[in-house]
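**Student:** One structure, as structure tokens, below. Some questions next.
The values are calculated or read from the model by the stated rules, or taken from the named source; none is laboratory data. All figures in this text were calculated on a predicted structure; none of them were measured in a lab. For neighbour counting, all protein chains shown are included, and Cβ atoms are generated from backbone atoms with ideal geometry for every residue, glycine included. We work out accessible area using only protein heavy atoms, side chains counted, and drop any ligands, DNA or RNA first. Shrake-Rupley method; radii C 1.70, N 1.55, O 1.52, S 1.80 Å.
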Amino acid sequence: MTKSFVKKGDKVLVITGKDKGKTADVLEVSPKTGKVLVEGINVVTKHQKPKSQQDKGGIVKKSAPIEASNVMVVCPVCNKATRVKHKEIEGKNVRVCSKCTASLDKEFVKATKKDAKKAVKEAKTKKTKKEDKGE
């Protein structure tokens, strides 16, 4: 049983496996098994038998769970896949983007969004200054 860094509703990037490079939303998280169910990722075909006379059987395609370690959370502010850090905001332990320090938890996005945008702008200006010096 591991503590999960991914929550239901997060946008994630698949980093390994047959669906590497795809981004999608998390539908379900099971921390006991360490797996996540991601929309449209790891689609498997299942041969389903009809349960009653009204039900139809057949071949059904559905998403199967994948390991939580095979996905990275995508930051809503900088739109980059990032590791999750934790920070205390307003007395609560909140998940934070390690690249732009924006909150990944929806309740605290407003509290950290301004700081995150400033950090992204500063990173861009530093990058352009380094390129100017290199020329």
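Here's the yes/no breakdown for (1) more than 23 Å from Ile15 (Cβ to Cβ); (2) free of Cβ contacts under 8 Å to residues at least 24 places away in the same chain:
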| site | (1), (2) |
| --- | --- |
| Gly34 | no, no |
| Glu39 | no, no |
| Val43 | no, yes |
| Ser63 | no, no |
| Asn70 | no, no |
| Cys75 | no, no |
| Val84 | no, no |
| Gly91 | yes, yes |
| Ser103 | no, yes |
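**Student:** Further question on the same structure: Take residues that are open to solvent by 80 Å² or more (accessible area, probe 1.4 Å) and either farther than 27 Å from Ser103 by Cβ or among the acidic types (Asp, Glu) (or both) and tell me which of the strands (runs of 3 or more DSSP E) falling wholly in the stretch 13-79 contain 2 or more.
**Tutor:** In the stretch 13-79, 43-48, 58-63 are the strands (runs of 3 or more DSSP E) which contain 2 or more residues that are open to solvent by 80 Å² or more (accessible area, probe 1.4 Å) and either farther than 27 Å from Ser103 by Cβ or among the acidic types (Asp, Glu) (or both).
**Student:** Of the residues Ser4, Ser63, Ser30, which is in contact with a Gly (Cβ under 7 Å, 6 or more places away or on another chain), of a type outside the set (Val, Ile, Thr) and under 29 Å from Arg95 (Cα atoms)?
**Tutor:** Result: Ser63 is the single residue among Ser4, Ser63, Ser30 that is in contact with a Gly (Cβ under 7 Å, 6 or more places away or on another chain), of a type outside the set (Val, Ile, Thr) and under 29 Å from Arg95 (Cα atoms).
**Student:** Sticking with this one: Pick from Lys99, Lys87: which is under 15 Å from the mean Cα position of the chain (by Cα) and modelled with pLDDT under 90?
**Tutor:** Lys99
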